[in-house]
Amino acid sequence: MTTLNGSHQHGSNGKVKPCLRVIPLGGLHEIGKNTCVFEYGDDLMLVDAGLAFPSDGMHGVNVVLPDTSYLRENQKRIRGMIVTHGHEDHIGGIPHHLKNFQIPIIYGPRLALSMLSGKMEEAGVMDRTILQTVSPREVVKVGSSFQVEFIRNTHSIADSFSLAITTPAGVVVFTGDFKFDHTPVDGEYFDIQRMAHYGEQGVLCLFSDSTNAELPGFTPPERSVYPNLDRHIANAEGRVIVTTFASSVHRVSMILELALKHGRKVGLLGRSMLNVIAKARELGYMRCPDDLFVPIKQIRDLPDRETLLLMTGSQGEPLAALSRISRGEHPQVQVKNSDTIIFSASPIPGNTISVVNTIDRLMMLGARVVYGKGEGIHVSGHGSQEDEKLMLALTRPKFFVPVHGEHRMLVAHAKTAQSMGVPADHTLIIDNGDVVELTPDSIRRGDPVKAGIELLDASRNGIVDVRVLKERQQLAEDGVITLLAVISTDGVMAAPPRVNLRGVVTTADARRLSIWAEREITWVLENRWSQLCRNSGGKAPDVDWVGVQREVELGLQRRLRRELQVEPLIICLVQPAPAGTPAYKGRADAEPDNRPPQRSRRDGGREISREIVRDGGRTATAASPTATAASPTALAATAAPVAASPAAVAPPVEDREPAGRTRRRRSAALAG
Ligand SMILES: [Zn+2]
Ligand SMILES: [Zn+2]
């Protein structure tokens with residue numbers, strides 16, 4: 001067996017023997033992107049791979065994934081993956097990961113894998129792995145070290161499992177997301193007997209869901225929202241609009257049942273709502289007649305009292321159906337005074353502000369909005385303290401690791417375990433990337449592996465790295481200043497810099513900024529030019545324009561920070577001018593505004609050919625030298641590309657920023 005760093009401990013006989021390593025790469029100190037690695041010897045098994053949604057300040061980021069460097073480095077050892085249930089925070093990352101590393105086979109419940117296969121098809125990775133559905137109590141073998149039994153549990157999505165993982169070090173129970181719901185909507189009961197069976201045999205370690213570890217009592221059963229939803233729908237005078245998580249299959253089932261009961265036809269809005277209902281009905285997790293549904297375009301022809309619209313947007317997601325309706329931007333649905341709008345969900349931490357804003361807008365449009373804890377129209381899918389105690393009582397683990405939750409939830413859960421007799425030194429509170437090392441009689445924290453986040457932008461293809469994110473934050477918070485400098489290949493500022501501000505709040509006027517820019521350019525040319533310019537033997541000098549840009553940017557940045565306490569993003573573009581272009585002296589010494597700038601001619605009066613510029617029959621007369629110096633646009637018309645010889649005729653540039661060439665250069669520099 002190969003020796004892995006930190007994966008071995010010395011046994012009592014002095015021989016090195018492997019231990020079980022459990023490494024969460026996501027899902028700790030946060031809610032979302034649950035991703036967990038199990039390792040024993042040469043075998044590596046993944047449990048779930050979710051995604052999270054961006055927090056404020058992650059501009060343009062659509063999806064947050066865990067850093068998977070560790071998995072990429074160890075992909076040869078990945079034997080397979082286990083999926084516990086179909087929530088985005090457990091399966092959402094898989095299609096992306098399949099583009100980056102090999103997962104030979106994925107085992108999971110039918111509903112989750114059916115949702116996953118849709119996502120994989122969309123991502124074009126259908127052929128990268130095998131999807132293998134499992135039934136309750138089925139046992140699968142992963143590598144030579146893991147045997148995983150799927151134990152039916154109850155959660156807000158149908159077809160959800162806890163796992164009993166038998167390893168050479170002992171049995172680990174991994175709860176997945178759960179609560180104890182003794183009256184499940186779909187009649188699929190929590191397999192408490194099986195859990196107790198493992199408890200009886202001896203559980204080495206319990207990894208348990210901590211989402212509601214701060215809440216006392218049991219989480220109420222899903223059925224408890226039924227009478228309240230029933231009452232609100234019964235009392236509605238006009239249309240009923242309900243929003244909930246599309247993946248809350250039980251909730252959606254009940255809403256459809258109530259629509260049927262109250263003689264309302266159902267219109268569905270939102271892609272995920274349509275997808276999940278189609279999959280759940282196809283697999284038999286939701287039962288209702290086909291004619292309950294009416295396409296959204298036709299539902300307007302029905303009386304309001306006979307319609308119910310079920311849609312996405314319970315989290316205030318800007319593009320979801322209900323959010324668009326609240327902004328009056330939905331092509332098919334407008335709010336009416338008689339509407340009753342029911343929020344059958346509670347905001348995930350971080351979404352609260354967008355949710356309350358949506359509610360405000362809907363109320364301002366005249367709708368009656370039903371929301372909030374007091375209404376009894378939402379219950380969590382995660383167990384509270386008493387559910388967690390029941391799990392601890394059933395499994396009676398030797399060691400305990402709280403997972404799936406923010407730090408304070410993990411701490412609360414650890415306290416609950418201690419109140420039930422799990423010694424404090426048998427409990428580990430860990431972070432993403434920490435390594436839990438388990439032997440039959442010990443638990444300890446090993447050396448951590450690389451963990452962090454990967455951010456995907458709207459295309460879901462590009463990874464937004466930390467630098468890009470910082471630039472976006474800077475843009476959003478302090479705006480951007482672009483600065484166009486015209487510099488000749490022999491190191492002379494050939495025109496006044498042009499400064500543009502976007503979203504920058506400052507007391508300085510454009511003239512002051514442009515004087516500062518001049519000073520920075522002058523300084524760079526006087527002090528840095530020799531380093532930035534390599535003279536390659538008589539020919540045109542080889543100028544590091546990107547270096548020039550960077551020096552000017554840095555200088556101006558420092559000055560703005562010092563003088564104005566602002567930190568906008570600064571983008572300097574350099575338009576190179578041919579050697580010998582007359583120098584623009586600058587206004588740095590506070591000359592009157594209308595005084596024509598002084599010019600000096602270097603190289604003993606060598607003239608640039610600037611009388612006539614021709615291009616494809618069009619003829620433009622270039623500006624006179626005086627006008628040229630005062631106007632960078634006109635001068636730019638005469639500037640030759642750096643690589644070309646100074647004598648070459650430059651292409652004409654109309655009255656716009658001569659930015660094409662330099663901008664490309666800059667983006668090339670960014671890409672590099
Ligand atoms: Zn879940
Ligand atoms: Zn979850």
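The values are calculated or read from the model by the stated rules, or taken from the named source; none is laboratory data. Just so it is clear, the model here is predicted, and its values are computed rather than measured. Quick reminder, even Gly has a Cβ in these numbers, built from the backbone with ideal geometry, and neighbours come from all protein chains shown. Ligands, DNA and RNA are excluded from the accessible area calculation, which covers all protein heavy atoms including side chains. Shrake-Rupley method; radii C 1.70, N 1.55, O 1.52, S 1.80 Å.
On a per residue basis, region 378-506 carries 42 Å² of accessible surface, using protein heavy atoms and a 1.4 Å probe.
Using Cα-Cα distances under 8 Å and only pairs 6 or more residues apart, what relative contact order does region 35-191 have, in percent?
Values: 324 pairs, mean separation 27.7, N = 157.
Dividing the mean separation by the residue count of region 35-191 yields 18 percent.
Straight-distance candidates among the aspartates and glutamates for linking to Lys99, with alpha-carbon spacing under 20 Å and chain neighbours fewer than 8 residues away dropped: Asp48, Asp67, Glu73, Glu88, Asp89, Glu121, Glu122, Asp127, Glu454, Asp457, Asp465.
For region 101-165, the share of accessible area belonging to carbon and sulfur comes to 44 percent (1.4 Å probe, ligands and nucleic acids excluded).
When the accessible area of region 210-367 is computed with all protein chains present and a 1.4 Å probe, what percentage of it is carbon and sulfur?
Solvent-exposed carbon and sulfur of region 210-367 make up 55 percent of the total.
Each residue was assigned an accessible area with a 1.4 Å probe, and for His87 the value is about 20 Å². Sparse packing (at most 14 other Cβ atoms within 10 Å of the Cβ) combined with a DSSP loop state is found for the following trypsin sites (Lys or Arg not before Pro) in region 484-575: Lys539. Note on region 132-255: with charges restricted to the Cβ of Lys and Arg (+1) and Asp and Glu (-1), its dipole about the Cα centre is near 80 debye. The accessible-area ordering, largest first, of the residues Met115, Met126 stands as Met126, Met115, per a 1.4 angstrom probe. Distance from the Cα centre of region 158-174 to that of region 221-267, in angstrom? The distance from the Cα centre of region 158-174 to that of region 221-267 comes to 35 Å. Computed from backbone phi, the HN-Hα couplings of region 150-165 come to 8, 10, 4, 10, 10, 7, 6, 9, 6, 6, 10, 10, 9, 10, 10, 10 Hz, rounded to whole numbers (Karplus: 6.51 cos²θ - 1.76 cosθ + 1.60, θ = phi - 60°; Gly and Pro given as x). Rolling a 1.4 Å probe over the protein heavy atoms leaves Thr129 with an accessible area of roughly 20 Å².
When the surface is traced with a 1.4 Å probe over the full set of protein chains, Thr166 keeps roughly 50 Å² accessible. Of all DSSP beta bridges in region 76-198, what percent run antiparallel (nearest 5)? In region 76-198, DSSP labels about 75 percent of beta bridges as antiparallel.
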